Protein chains: 2
Amino acid sequence: MPLDKGLLRQAVERMRSAQRILVVCHIRPDGDAIGSLLGLGLALRSAGKQVEMVCEDGVPSDCRQLEGSSDVRRQAQGDFDLICVVDASDLTRTGSVLQDRGPVGINMDHHPTNVNFADINLVDVQAVATAEIIAGLLAQWGQEITPAVAAALLTGLVTDTIGFRTSNVNPSTLRLAASLMERGANLPMLYRRTLVDRSFEAVRLWGAGLSRLERDGRLLWTTLTLDDRKAVQYPGRDDADLINLLSAVDSADISMIFVEQPNGRVKISWRAQPGFDVSTIAASLGGGGHAAAAGAEIQGSLPEVQAAILGLTRPLLNGGQRV
Amino acid sequence: MPLDKGLLRQAVERMRSAQRILVVCHIRPDGDAIGSLLGLGLALRSAGKQVEMVCEDGVPSDCRQLEGSSDVRRQAQGDFDLICVVDASDLTRTGSVLQDRGPVGINMDHHPTNVNFADINLVDVQAVATAEIIAGLLAQWGQEITPAVAAALLTGLVTDTIGFRTSNVNPSTLRLAASLMERGANLPMLYRRTLVDRSFEAVRLWGAGLSRLERDGRLLWTTLTLDDRKAVQYPGRDDADLINLLSAVDSADISMIFVEQPNGRVKISWRAQPGFDVSTIAASLGGGGHAAAAGAEIQGSLPEVQAAILGLTRPLLNGGQRV
């Protein structure tokens with residue numbers, strides 16, 4: 001169900017009557033968090049507002065080509081007469097940015113887990129990205145979409161749909177993308193920067209993981225060790241997105257990666273095809289996620305953790321817990 | 001420049017007045033070849049024509065979910081009063097299907113190398129896919145787009161733009177995709193089948209290639225041996241599309257794969273960033289392609305060929321032949 005027009009009008013009214021506005025997105029930001037932050041923030045500036053855009057973790061490198069990204073701060077300074085939060089399902093997701101600040105005026109999000117923490121909650125779980133909600137708000141307001149705002153919003157749309165491939169993509173998604181291109185967003189460039197480009201070190205790390213790939217029935221997994229990371233000089237503690245390649249293997253229903261961490265811990269990521277739910281295992285280990293994508297981090301050596309998790313995950317495939 | 005309306009009307013007139021129509025696409029078909037073949041073929045059937053759809057190499061597995069794909073034959077039988085060729089720049093690309101047949105009535109293609117081999121040549125190099133040209137023709141005709149035709153045409157659009165990412169994607173591409181979804185094409189499903197799904201054997205082959213990845217300045221390359229293929233039981237003689245991952249490495253301007261073939265031959269694929277032209281090297285070795293993507297196959301051992309090709313390719317990066 002699209003957002004109620006009355007609610008959108010209320011939000012526009014709050015923005016119109018405010019002068020100093022703080023816009024905040026979630027920690028560990030993805031393309032939709034940054035795209036929504038910049039899209040709303042720059043549009044409010046065009047409307048003559050004083051705007052501070054804040055993300056506690058800063059802007060990731062694949063979004064730094066976006067205009068306004070160098071204006072994003074890690075903490076808020078000064079007083080504001082309106083606080084807007086974008087793409088965050090609850091306030092813990094904004095880090096410590098909003099500590100000792102007044103109530104949030106407007107909450108714009110598309111996550112089904114959103115807890116409606118603001119005065120005005122523009123939460124639309126059918127929107128493919130928070131950027132889509134912001135585009136709808138600006139249309140309702142009648143604000144002109146500048147090329148910088150268009151690029152920011154299209155970044156949100158492209159990244160949250162992984163290049164228009166997720167199952168919630170619909171004709172309006174594509175038409176909104178078309179209209180943002182017409183307003184000056186360079187789709188091929190921002191698509192490439194956020195979804196296609198890989199580092200040399202990341203693909204070498206993939207090589208290490210893929211050469212150890214294992215399969216048992218429709219269960220697929222691999223490991224990444226601390227030695228792998230050192231050998232290929234990969235700077236992160238993550239899997240360089242390898243899990244998403246594993247989830248594309250057509251003969252697997254559940255795929256997993258075990259990533260060795262310092263201090264004797266192992267990070268586990270699961271991906272599952274429709275019909276399977278890996279979130280309960282992750283949650284039982286103190287992690288979280290959705291049915292189709294979940295993660296956890298636990299104490300233990302790589303072989304120990306792998307054996308234990310395979311033991312926990314295998315029964316899912318045997319129909320026992322098929323949802 | 002979009003196609004001349006008069007030319008489109010002529011093509012529609014030829015189709016309207018024909019009764020038995022042969023539609024042919026190129027050998028080693030990709031998604032746009034099959035999507036265009038089925039899109040045009042099924043639409044002509046809906047218009048009451050007797051239609052034979054032919055591809056000498058059959059339909060690749062990632063397109064077999066498309067309605068009508070089991071009706072595609074490898075050779076044409078009988079007589080026809082109109083021959084249409086889709087997505088082929090010249091007649092050699094259709095294999096032996098058209099040997100001893102009369103002239104081609106209509107040629108529909110978007111390749112800049114098309115040699116206008118038919119009576120009526122609907123060649124539009126600005127179309128992102130031949131499927132786009134066929135959609136335009138059906139609109140001009142006023143033919144209803146059935147769900148099966150929509151799915152076929154959207155397959156062409158999605159595959160030739162690699163998921164809407166190529167630099168020629170424009171707002172009309174996205175709007176056409178939106179309208180094909182509204183006519184019944186399941187974008188997420190066909191996107192996944194043609195662009196996302198990978199086989200277990202293919203990703204293991206990637207593992208072999210990526211663990212041997214080498215770099216010299218902005219030149220990146222790897223090899224795939226016959227032993228690799230055997231070890232991972234990969235059935236093809238190709239690189240399982242690994243070259244496209246290499247071309248996404250942001251620190252490389254030119255990437256290459258050397259794939260060992262039976263009988264002492266080696267297949268080479270090049271990918272280049274804008275500003276570099278690898279097609280001349282490929283052509284000088286009897287291969288072909290574009291500035292950004294080219295290939296060749298030559299005699300020699302893997303180490304010999306690799307050394308020779310590195311010697312030929314390196315100067316491109318030193319500005320000598322930068323275009």
*When DSSP assigns beta bridges and you keep just the ones with both residues in chain A, what percent turn out antiparallel, to the nearest 5?*
45 percent
*To the nearest 20 debye, what is the magnitude of the charge dipole of region A:1-56 about its Cα centre, counting +1 on the Cβ of each Lys and Arg and -1 on the Cβ of each Asp and Glu?*
300 debye
*Mean residue ellipticity at 222 nm from the helices of chain B, using -39,500 (n - 2.57) per DSSP H segment of n ≥ 4 over the full residue count, to the nearest 500 deg cm²/dmol?*
-11000 deg cm²/dmol
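Looking only at other chains, what is the average number of their beta-carbon atoms within 10 angstrom of each beta-carbon in B:161-172? Numbers along the way, then the final one.
On the way: counts 2, 3, 7, 9, 9, 4, 6, 1, 6, 5, 10, 2.
Mean partner shielding for this stretch: 5.
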*Choice from A:PHE164, A:PHE276, A:PHE80 with maximal GNM fluctuation in chain A (Cα, 10 Å cutoff)*: A:PHE276
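Is there a quick way to get the dipole size of region B:200-317? I mean about its Cα centre, with the Cβ of Lys and Arg at +1 and of Asp and Glu at -1; what is the value in debye to the nearest 20? Don't skip to the end; give the middle numbers.
Details: 11 positive and 14 negative charges, 17 e Å.
For this selection, approximately 80 debye.
If packing is taken as the average number of other Cβ atoms within 10 Å across a peptide's residues, how do A:252-259, A:70-77, A:120-127 rank, most packed first?
On the way: A:252-259: 23.6, A:70-77: 13.6, A:120-127: 19.5.
Ranked by mean Cβ neighbours within 10 Å, highest first: A:252-259, A:120-127, A:70-77.
Of all DSSP beta bridges in the protein assembly as shown, what percent run antiparallel (nearest 5)?
Numbers: 40 of 89 bridges.
Given both bridge residues lie in the protein assembly as shown, the antiparallel proportion sits at roughly 45 percent.
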_Nitroxide proxy distance, nm - points 7 Å out along Cα→Cβ at B:SER301 and B:ARG20_ = 5.8 nm
*Take peptide B:99-106, look around each residue's Cβ out to 10 angstrom, count Cβ atoms belonging to other protein chains, and average those counts.*
0
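Rounded to the nearest 0.05, what FRET efficiency is calculated for A:ILE162 and B:GLN77 with R0 set to 35 Å and r the Cβ-Cβ distance? Please report the intermediate quantities before stating the final value.
Values: r = 44 Å, r/R0 = 1.25.
Calculated value: 0.20.
In debye, nearest 20, what is the charge dipole magnitude of region A:1-124 about its Cα centre with +1 on Lys and Arg Cβ and -1 on Asp and Glu Cβ, if you could check? Each step should come with its number before you reach the end.
Working: 13 positive and 18 negative charges, 68 e Å.
Around 320 debye, computed over region A:1-124.
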_Debye equation applied to the C-alpha atoms of region B:200-317, log10 I(q)/I(0) at 0.11, 0.19, 0.23 Å⁻¹_ = -0.31, -0.97, -1.40
*Under 17 Å from a point 7 Å along the Cα-to-Cβ line of B:ASN318: which residues of region B:255-277 have their amide N that close?*
B:277
*Out of A:ALA307, A:ALA178, A:ALA202, any idea which swings most in a Gaussian network model of chain A, alpha carbons joined below 10 Å?*
A:ALA307
*asked:* Tell me the angle of helix A:200-210 to the major Cα principal axis of chain A, expressed in degrees between 0 and 90 and rounded to the nearest ten.
replied: 40 degrees
*Please list the non-local residues whose amide H lies under 5 Å from the amide H of A:ARG73, H modeled 1.01 Å from N, same-chain partners needing a gap of 5 or more.*
A:MET53, A:VAL54, A:CYS55
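With both bridge residues required to lie in region A:200-317, what share of the DSSP beta bridges run antiparallel, to the nearest 5%? If you can, show how the numbers build up before the last one.
Values: 20 of 26 bridges.
Taking every DSSP beta bridge within region A:200-317, about 75 percent pair in antiparallel fashion.
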_Taking each residue in B:197-205, count the Cβ atoms of any other chain within 10 Å of its Cβ, then average. What number comes out?_
5
*Have a look at B:SER17, B:ASN107, B:GLY58 and report the one farthest towards the positive end of the charge dipole of region B:1-125, computed about the Cα centre with Cβ charges (Lys/Arg +1, Asp/Glu -1).*
B:SER17
*For chain B, modelled as a Gaussian network with Cα springs under 10 Å, which listed residue fluctuates most, B:LEU210, B:LEU176, B:LEU98?*
B:LEU210
*Gap in Å between the Cα centre of region A:187-255 and the Cα centre of region A:48-103?*
31 Å
_With equal scatterers on the alpha carbons only and no solvent term, can you work out the Debye log10 of I(q)/I(0) for chain B at 0.06, 0.10, 0.12, 0.16 1/Å?_
-0.23, -0.62, -0.87, -1.32
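Any read-out appearing in this document is the output of simple, stated calculations on the displayed coordinates, not a laboratory observation. Everything numeric here is computed off the predicted structure, so don't read it as measured data. Cβ coordinates were reconstructed from backbone atoms using ideal geometry, including for glycine residues, and neighbour counts include every protein chain displayed.
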